Amino acid sequence: MRDDDLTTEQVVEAIRKFEIIEKYPDARPFPACLLLCKLEDDKPLHIVCALPKHVDILIIVTLYIPSEEDWLNYRRRKE
């Protein structure tokens, strides 16, 4: 968040509307996924989060603004 100059409020607002673009069911210690979210200026934001089954919480592992060089439409990794 610091590297991309994002506030907690911006992240919370962006995560309200998301699309799951990758799933990591075998991630440890909890299953995880990659979300595509949009910041208020319509800039894409990727959030990797873990989903523990035994509690009702979402753990944000990392987040970043994806690069057009690495992603197709910010949804698929370029080969």
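The values are calculated or read from the model by the stated rules, or taken from the named source; none is laboratory data. What you are looking at is a predicted structure, and each value in this text was computed from that prediction instead of being measured. Every residue, glycine among them, receives a Cβ derived from its backbone with ideal geometry; neighbour counts consider all protein chains shown.
The table for this structure:
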read-out: Unmet criterion (only one of (1) at pLDDT 95 or above; (2) touching a helix residue (DSSP H, G or I) at 6+ places or on another chain (Cβ under 9 Å)) for MET1; value: (1)
read-out: Enumeration of residues in segment 24-34 that are aliphatic (A, V, I, L, M) and assigned to a strand (DSSP E or B); value: ALA32, LEU34
read-out: Residue that is surrounded by the fewest Cβ atoms within 10 Å (Cβ to Cβ), among those in segment 43-56 that are in contact with a strand residue (DSSP E or B) (Cβ under 9 Å, 6 or more places away or on another chain) and more than 20 Å from GLN10 (Cβ to Cβ); value: PRO52
read-out: Of all residues making up segment 35-60, the number that are over 15 Å from MET1 (Cα atoms) and within 11 Å of the chain's Cα centre (by Cα); value: 3
read-out: Residues of segment 59-79 that turn out to be in a loop (DSSP other than H, G, I, E, B) and surrounded by fewer than 13 Cβ atoms within 10 Å (Cβ to Cβ), as a count; value: 7
read-out: Residues (touching a residue at least 12 places away in the same chain (Cβ under 8 Å) and part of a strand (DSSP E or B)) located in segment 1-23; value: PHE18, GLU19, ILE20, ILE21, GLU22
read-out: Matching residues in segment 35-58 - criterion: being among the charged types (D, E, K, R) and in a strand (DSSP E or B); value: LYS38
read-out: Tally of residues being closer than 18 Å to TYR74 by Cβ and surrounded by fewer than 15 Cβ atoms within 10 Å (Cβ to Cβ) across segment 25-42; value: 3
